[in-house]
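Data block below; observations after.
The values are calculated or read from the model by the stated rules, or taken from the named source; none is laboratory data. Keep in mind that this is a model prediction, so the values were computed, not measured. Cβ atoms come from the backbone with ideal geometry, glycine included; neighbour counts cover every protein chain shown.
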Amino acid sequence: MQYLDLTVIRQALAWARAGETLWLCTVLSTFGSSPREPGAWLVARRDGEHVGSLSGGCVEEDFLDRLAEGAFEAPVQRVRYGEAEEALNGPRVTLPCGGILEVLVERLEPGPATLAHLAALERALTGQRPRIRQVDLASGALTLEDDSGLGDRVVWPPAGDEAAGTVRLRVGPVARLVLAGMSPVAEACAEFAQRLGFEVMLCDPRAEALDGLTVPGVERVVNLPSAFIAGGGCHAATAVVALTHDPRIDDLAMIEAVRTEAFYIGVMGSRKTSAARAERLRRSGGLTEAELARIQMPIGLGLGSKTPAEIALAVMADIVRVRRGQGRDAL
């Protein structure tokens, strides 16, 4: 989860500021079962102190043992664990789950360049400016570029591309879900979203409605969702969904949400209800056709959902689809 990634980068910054050499490990790819997704980080010192994780523990143990023995002196290395592990650098571990894990290991010396790079990564994880870090796999040279924040966290250049020999690693703010109004579907969405690693905020002007929320860890905002959104509650890694069937809450939230960089905006309702809402938003809200096109209505994937939990599943599945850069026609 990206919360852990932020902890990793902050520890890396602290060690770099203290003049420590550090090793930043990134999961490049996984095949089969794996507890961490591509893009996950671990940072370590030579003495074995580390933060983050790459697997369930076996990979970390092997990496730290080899690091203590003096390995990984090159600026950058790729290491493969699991089946056919002899193909890259010959680590001693076969994963119990039977999968394959490929890891990028970068040796970062303390100094102004490392400090500036790590500080930029911290800003990307905490702020509103997603970045892509490009790593030269031969020299370890690093560059940062602005990014949309959407799509796979690890991007390989196509064969024959002039950028061959590099890998692009997407870094952005912790994904956020803003739920406009309390409802049974909103509560179910909050639970799913937390499991998916989202920061969840549920906005409702009725304090008594929020009292019924049973999902721990959700930030409760006693305010109109539209006011929260207009006050800066969204960034480019935010999904905004309105699930109350109350146009006083849902419509106003949509009007404000389309003025933000939110990557997903959606509102619940049938096709007939959605058509009527689009007309209201066009006529009373002043939304343009381009702004209306940003709103998913009806919201979610067409799974034939009936219950609040099924509707929430369809909503969160659609959010994940967009966040991963997948078109509906690819499903």
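What the table shows:
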quantity: Pairs, first closer than 24 Å to residue 173 by Cα and polar (S, T, N, Q) in region 133-159, second at pLDDT below 90 and crowded, with 19+ Cβ neighbours inside 10 Å, C-beta under 9 Å, six or more apart; calculated: 148/130; 148/172; 148/236
quantity: Pairs, first at positive phi in region 202-219, second of a type outside the set (A, V, I, L, M), C-beta under 9 Å, six or more apart; calculated: 217/194
quantity: Cross-chain or 6+ apart pairs with Cβ under 6 Å, region 307-328 first and over 19 Å from residue 175 (Cβ atoms), then loosely packed, with under 15 Cβ neighbours inside 10 Å and at pLDDT 90 or above; calculated: 308/184
quantity: Residue match in region 6-20 (condition: surrounded by 18 or more Cβ atoms within 10 Å (Cβ to Cβ), modelled with pLDDT under 90, assigned by TED's automatic domain parsing to the domain that holds residue 62 and within 18 Å of the chain's Cα centre (by Cα)); calculated: yes
quantity: Residue within region 84-105 that is more than 26 Å from the chain's Cα centre (by Cα), modelled with pLDDT under 95 and either in the same structural domain as residue 235 (by TED's automatic domain parsing) or acidic (Asp, Glu) (or both) present; calculated: yes
quantity: Verdict on residue 149 being in the same structural domain as residue 135 (by TED's automatic domain parsing), farther than 23 Å from residue 247 by Cβ, crowded, with 16+ Cβ neighbours inside 10 Å and at pLDDT below 90; calculated: yes
quantity: Region 153-169, subset touching a strand residue (DSSP E or B) at 6+ places or on another chain (Cβ under 7 Å) and either of a type in the set (D, E, K, R) or at positive phi (or both), residue modelled with the highest pLDDT; calculated: 168
quantity: Long-range neighbours under 9 Å by Cβ, at least six apart or interchain, first residue farther than 24 Å from residue 323 by Cα within region 265-290, second surrounded by fewer than 16 Cβ atoms within 10 Å (Cβ to Cβ) and among the acidic types (Asp, Glu); calculated: 282/289
quantity: Answer from 242, 209, 193, 186 - the residue that is surrounded by 16 or more Cβ atoms within 10 Å (Cβ to Cβ) and closer than 23 Å to residue 289 by Cα; calculated: 242
quantity: Residue in region 208-231 that is among the acidic types (Asp, Glu) and not in a strand (DSSP E or B) present; calculated: yes
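Okay, residues lined up against (1) surrounded by 15 or more Cβ atoms within 10 Å (Cβ to Cβ); (2) under 20 Å from residue 185 (Cβ atoms); (3) not polar (S, T, N, Q):
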{"position": "268", "(1), (2), (3)": "yes, yes, yes"}
{"position": "271", "(1), (2), (3)": "no, yes, yes"}
{"position": "274", "(1), (2), (3)": "yes, yes, no"}
{"position": "303", "(1), (2), (3)": "no, yes, yes"}
{"position": "330", "(1), (2), (3)": "no, no, yes"}
